[in-house]
Amino acid sequence: MGLIFLQKIYLISLIISLILSSINKANATTKPALIENNQLNKITSVSQLSDISVDSWEFKTLQALIEQYDCVSHTNPDNQTLNRYQFATKLNICVTHINELITNGKINRKTLTTIQKLQAEFSAELATFTNRIDLLENKVNALQAQQFSPQVELEGEIIFAMTGVAGGKKANSRTKQINDNLVLSDRVRLSLETSFTGKDNLQIRLQGRNTPELADFTGTKMANLGFDGDDDNEMEVDEIDYKFPLGKQTRITLYALGGGLGDFVPSVNPLFSGSGDGSISTFGRENPIRRQGGGAGIGISHNLNDSLNLSLAYVTSDAANPERGIFASPHGAIAQITLEPTKTTALSVTYIYSYNNVNTGTGSELTNNPFNNQADAITANSFGAEAAWQLNPSITLGGRVGFIHATAEDLTATPNAFISTWALLLSIKDIGQEDSFAGFVVGQPPKVTDNSFGDTFEDEDTSLHLEAFYHLQITDNVAITPGLFVITNPENNNSNDKIYVGTIRTTFTF
């Protein structure tokens, strides 16, 4: 009976202590952070507490409890003393452990009496310890509630480019001369990326740039750089996308803004496709037929097996407009099968359907406007193929072809235009330095080969795009890419002068 009585007394005192502690905690959470800091500052400093010697009864008593109930790993291996706060900390740990044994009736009367005596002796220090824990818990809870996200990462890319254009007259002009000037331009991208499951990725990208489209100064879009665009360096959200897995072999991609058809499908020549580290020209980066659509969209990528992938996507450029919606706006859909039969070979076959999106921004003016601005409903069925063959660990040979069959649905006799393009690609890796590479592009920008709308709207001659660039990876975060490309017979017209475009692109990433 005596033991049970003592246990009840101890439990009652423990309950009262918990109630008082809860009251103190509730009061602390209702006060502002400044008051909490003051409370922490008012707690007696450890340096002001008297030490507990190993010869004292308190130390010996605690040591006996520790040895009997194995409640603390060790007491004081190095020093001969403990300050009162250190002692109270170990006492609190030991009492917590012994409390678990009380309910099982494994504690005798002598132990309870000893614990009560120690608790009475160090009541102030134990209260201080409890208050510190409560205040720290409040601060942790406040930080968790206020923080944006522990998983958000900031990534950035900055491009500085020195660019020059040379040639004679502007394309399709006998009087306007190309200005042989050097220009310095830039592009800044900042991306906020986060994951909610560890397997998904949400990206919000900001962009500001002032790199001009050289078509305005040369008379042809064939001269455009692969990283151009000018918004007077005003930062704006230019891309929002979310990618998540739908099973082990399937991945969904959503673009609320800034998605292009080429962003939804794999590239078999990835060294050329990046705007910050790939080809210096728009034409050299990817098959022009993939540039028939952009904006908001959804895509699905499914691995049929280890070497075969099927990708499908749909994009629309004016999805937020209630008067047009996602189907009446200019839009495009893509389906691509990508095959990697061996470790050194890869190929893809692509089909694209587009509506009022035939402008690829890379070919002649006729390819971008094959029906002389008279059609308001142009549909196009496009077919493309691309391949890459790694001859050895350093050298890869690639190639691509593309065909566009455009139809003016709203014109009499529904005229058709046929557009073709091709390119050969060569990359040589690890030249001079690891992760550096040289790239070469020889190809024909999009050309109207046949047009039932009239012979006047066919390209009579053929332009060639000749490009060479060297991507020098100086450090993990800095790369310099000097490059040059030449356009022969600009606008597929042999009466036009050659156009030379050279640039030195410096890319910083962080």
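Scanning the range 96-127 for residues that are modelled with pLDDT of 70 or more, open to solvent by less than 60 Å² (accessible area, probe 1.4 Å) and of a type in the set (V, I, T) returns I98, T111, T114, I115.
Tell me whether the range 222-231 contains one or more residues that are surrounded by fewer than 15 Cβ atoms within 10 Å (Cβ to Cβ), touching a Gly at 6+ places or on another chain (Cβ under 8 Å) and of a type outside the set (A, V, I, L, M). The answer is yes, given that some residue of the range 222-231 is surrounded by fewer than 15 Cβ atoms within 10 Å (Cβ to Cβ), touching a Gly at 6+ places or on another chain (Cβ under 8 Å) and of a type outside the set (A, V, I, L, M). One residue alone among G439, G443, G432, G454 is open to solvent by 40 Å² or more (accessible area, probe 1.4 Å) and either small (G, A, S) or in contact with a Cys (Cβ under 7 Å, 6 or more places away or on another chain) (or both), and that residue is G432. Output the residues belonging to the range 271-280 that are touching a helix residue (DSSP H, G or I) at 6+ places or on another chain (Cβ under 8 Å), among the small types (G, A, S) and in contact (Cβ under 8 Å) with a residue 24 or more places away in the chain. Result: S275, G278, S279.
Does G258 satisfy being in a strand (DSSP E or B) and either at pLDDT below 95 or at positive phi (or both)? Yes. Residue-level check: of (1) within 22 Å of G399 (Cα to Cα); (2) among the polar types (S, T, N, Q); (3) buried (at least 18 other Cβ atoms within 10 Å of the Cβ), N381 misses just (3). For M222, the criteria (1) out of contact with any Pro (no Cβ under 8 Å at 6 or more places or on another chain); (2) closer than 30 Å to N489 by Cα; (3) not in a strand (DSSP E or B) hold in every case but one, which is (1). Here D461 fulfils each of the conditions (1) open to solvent by less than 40 Å² (accessible area, probe 1.4 Å); (2) farther than 27 Å from I158 by Cβ; (3) assigned to a strand (DSSP E or B) apart from (3).
The C-beta contact set for the range 357-378 (first residue free of Cβ contacts under 8 Å to residues at least 60 places away in the same chain, second residue open to solvent by less than 20 Å² (accessible area, probe 1.4 Å) and assigned to a loop (DSSP other than H, G, I, E, B), distance under 7 angstrom, 6+ apart or interchain) comprises I378/V358; I378/F371. Just one of (1) touching a strand residue (DSSP E or B) at 6+ places or on another chain (Cβ under 9 Å); (2) under 23 Å from E365 (Cα atoms) fails for S495. It is (1).
Residues satisfying the criterion are absent from the range 360-367 (criterion: more than 29 Å from M222 (Cα to Cα) and in contact with a strand residue (DSSP E or B) (Cβ under 9 Å, 6 or more places away or on another chain)). Just to be sure before I move on: is E234 in contact with a strand residue (DSSP E or B) (Cβ under 7 Å, 6 or more places away or on another chain) and open to solvent by less than 50 Å² (accessible area, probe 1.4 Å) in the structure I sent? Judged against the criteria, E234 is not a match.
The values are calculated or read from the model by the stated rules, or taken from the named source; none is laboratory data. Small disclaimer: the values here were computed from a predicted structure and weren't measured. Don't worry about glycine lacking a Cβ; one is built from the backbone with ideal geometry, like all the others, and counts go over all protein chains shown. Areas reflect the complete protein model, heavy atoms only, side chains present, ligands, DNA and RNA absent. Shrake-Rupley method; radii C 1.70, N 1.55, O 1.52, S 1.80 Å.
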